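Working notes, beginning with the structure itself.
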Amino acid sequence: MAVPKKKTSKQKRDQRRATWKRTAALQAQKAMSLGKSVLTGRSTSFVYPSDEDDDDDE
């Protein structure tokens with residue numbers, strides 16, 4: 001016979017949500033930082049094709 005599970009406490013629920021939101025906020029901050037560095041041209045960890053390289057091939 002099926003037995004109902006115990007209810008998860010609000011503290012556990014809030015703790016899980018806080019962890020999820022913290023990791024999401026950290027990833028968003030890293031993405032914003034990378035975007036800013038790419039726009040300013042200071043990026044060293046992100047490789048992408050530029051228009052200057054296309055001119056050299058022709």
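The values are calculated or read from the model by the stated rules, or taken from the named source; none is laboratory data. What you see is a predicted model; the values in this text were computed from it and never measured. Areas reflect the complete protein model, heavy atoms only, side chains present, ligands, DNA and RNA absent. Shrake-Rupley method; radii C 1.70, N 1.55, O 1.52, S 1.80 Å.
For the stretch 13-24, the count of residues that are at pLDDT below 95 and open to solvent by 90 Å² or more (accessible area, probe 1.4 Å) is nonzero. Taking the criterion of being of a type in the set (S, T, Y) and part of a helix (DSSP H, G or I), the residues of the stretch 12-46 that qualify are T19, T23, S33, S37, T40.
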